[in-house]
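The values are calculated or read from the model by the stated rules, or taken from the named source; none is laboratory data. Model, not experiment: these values are computed from the prediction. Neighbour counts are summed over all protein chains in view; Cβ atoms, including those assigned to glycine, are modelled from backbone coordinates with ideal geometry. The protein model used for the area step is the full one, side chains on, heavy atoms only, and it has no ligands, DNA or RNA in it. Shrake-Rupley method; radii C 1.70, N 1.55, O 1.52, S 1.80 Å.
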Amino acid sequence: MEDMTVEQKLAVDKFHVDEEFAHIEVDKDADPAMIARLVKLCPAGLYVIDENGELTFDYAGCLECGTCLVAAGDTVVKSWSYPRGGMGVEFRLG
Ligand code: SF4
């Protein structure tokens, strides 16, 4: 287990996706510089610029680390909360 990469450890996590409640909502028209910051910072790679240069975001793979909230606050992140009870990420290797 000690020789596993971060990506290998994350690959065994399980996600209980709450299809009825987006625990993070984003402003796709926010400052492009702040969006670019989140593209680099989100450890799950959920902030992505598509081929049209627009932000795509999917909360389904969120690790609930709070980095996007701290790094961009309300300039990109319109709302942030933990998923409802029993939902969200289930870490398996810490
Ligand atoms: S809380 Fe962490 S993993 Fe989830 S979207 Fe924000 S930066 Fe990415």
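Annotations
- For segment 73-94, taking the residues that are open to solvent by 70 Å² or more (accessible area, probe 1.4 Å) and farther than 15 Å from HIS16 by Cβ, the one that is modelled with the lowest pLDDT is identified as GLY94.
- Tabulated pairs, segment 52-68, first under 15 Å from TYR82 (Cα atoms), second assigned to a helix (DSSP H, G or I), C-beta under 6 angstrom, 6+ apart or interchain: THR67/LEU41; CYS68/LEU38
- Scanning segment 25-72 for residues that are within 18 Å of VAL6 (Cβ to Cβ), open to solvent by 50 Å² or more (accessible area, probe 1.4 Å) and part of a loop (DSSP other than H, G, I, E, B), we see that the one that is modelled with the highest pLDDT is CYS65.
- Residue check, ALA22 touching a Ser or Thr at 6+ places or on another chain (Cβ under 7 Å) and either surrounded by 14 or more Cβ atoms within 10 Å (Cβ to Cβ) or not hydroxyl-bearing (Ser, Thr, Tyr) (or both): no
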